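Trainee: Sharing a structure with you now.
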Amino acid sequence: MKSEHYDVLVVGSSISGLMTAAWIKLEQPELDVVVLGPPPEREKRPYVGESLVEPAILFFRELGMGEFLDTRCALKNGLTFYHKLRIDDPADRRYTVHAPERLHHLARQLNRPVFDRALRDHAEALGVRMIDGLAEDIDISTGSTGSATHRVLARVGDATVELTSRWIVDASGRRRLIGRKVSSYTKPEQGQRSAFWVRLADFRPFTDDLEMSLRRPLAYDIWYSTHHFMGH
């Protein structure tokens with residue numbers, strides 16, 4: 001069985017794992033940072049989070065993704081909240097609307113498969129190495145920080161590979177490969193806990209059909225924001 005050693009091993013290649021690996025490499029370029037997981041085109045987990053907020057877009061700009069966000073991602077003018085005046089009358093389209101009057105930072109909407117691919121390419125350009133494989137078992141060392149050696153058994157192609165590292169990051173999502181080793185976990189009761197994202201072609205803006213009460217006129221186009229309708 002082949003064995004390889006790294007400074008930092010990120011288990012999981014979703015957006016969280018790629019963000020972590022890219023940031024570590026940007027801040028500590030001397031470290032050998034590796035991500036273990038499939039490319040975005042073969043991801044099987046559901047995508048969550050296609051709308052950035054201001055702290056997130058500032059992080060991605062510091063990471064070096066600003067040009068991609070500005071040229072490839074749709075604009076998002078902050079958050080808008082609609083409170084219906086007569087909540088039990090579907091025909092009443094009057095709303096009191098709460099939104100920032102001016103925006104200090106413009107956010108973006110994400111097409112996650114496209115963005116994840118660009119983020120992976122950017123991480124590789126920074127020097128992060130990618131291993132197209134899947135973690136099967138993890139052995140967490142209890143040694144002192146920096147000198148410990150963590151071990152991961154991974155399936156890479158048809159081979160089983162042992163990967164060791166000084167530091168390890170769990171970005172395996174719901175698999176919680178490391179989390180289950182070091183802490184207890186109680187699965188939440190069944191119920192609706194998810195957000196669902198859809199994309200609509202030629203969707204007509206609905207803002208002209210609403211009677212909106214605003215404290216002051218907004219300094220931007222309200223249509224290009226995320227619209228939160230409060231109530232039933």
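Trainee: Probe radius 1.4 Å, ligands and nucleic acids ignored: give me the carbon and sulfur share of the accessible area of region 1-118 as a rounded percent.
Mentor: Accessible surface attributable to carbon and sulfur in region 1-118 totals 55 percent.
Trainee: Still on this structure, please answer the following. What number comes out for accessible area per residue over the chain if the probe is 1.4 Å? Units Å², please.
Mentor: Spelled out: the 1.4 Å probe surface of the chain, per residue, equals 61 Å².
Trainee: Could you tell me which helices of the chain pass both thresholds, a Cα extent of 20 Å or more along their own axis and a mean Kyte-Doolittle hydropathy of at least -1.0, with helices taken as whole DSSP H runs?
Mentor: Length and hydropathy pass: 112-126.
Trainee: What is the distance in Å between the Cα centroid of region 196-227 and that of region 164-181?
Mentor: 41 Å
Trainee: Which ³J(HN,Hα) values, rounded to whole Hz and listed in residue order, are derived for region 210-221 from phi using the Karplus coefficients 6.51, -1.76 and 1.60 in 6.51 cos²θ - 1.76 cosθ + 1.60 with θ = phi - 60°, glycine and proline given as x?
Mentor: Taking θ as phi minus 60°, the curve returns 10, 9, 10, 9, 10, 4, 9, x, 7, 8, 7, 7 Hz for region 210-221.
Trainee: Could you list the square roots of 5 times each eigenvalue of the Cα gyration tensor of region 76-118, that is, the equivalent ellipsoid semi-axes, sorted largest first and rounded to whole Å?
Mentor: With the √(5λ) rule applied to region 76-118, the semi-axes are 32, 16, 5 Å.
Trainee: Using only helices, what value at 222 nm comes out for the chain when you add -39,500 (n - 2.57) per DSSP H run of length 4 or more and divide by the total residues, to the nearest 500 deg cm²/dmol?
Mentor: -6000 deg cm²/dmol, from helical runs alone.
Trainee: Taking Cα pairs under 8 Å and at least six residues apart, what relative contact order does region 63-117 come out at, in percent?
Mentor: 41 percent
Trainee: Quick one: compute the contact order of the chain, relative version, from alpha carbon pairs under 8 angstrom and 6+ residues apart, as a percent.
Mentor: 32 percent
The values are calculated or read from the model by the stated rules, or taken from the named source; none is laboratory data. It should be emphasised that the depicted structure is a prediction, and the values quoted were computed from it without experimental measurement. Side chains are part of the model used for accessible areas, which takes the heavy atoms of the whole protein and leaves out ligands, DNA and RNA. Shrake-Rupley method; radii C 1.70, N 1.55, O 1.52, S 1.80 Å.
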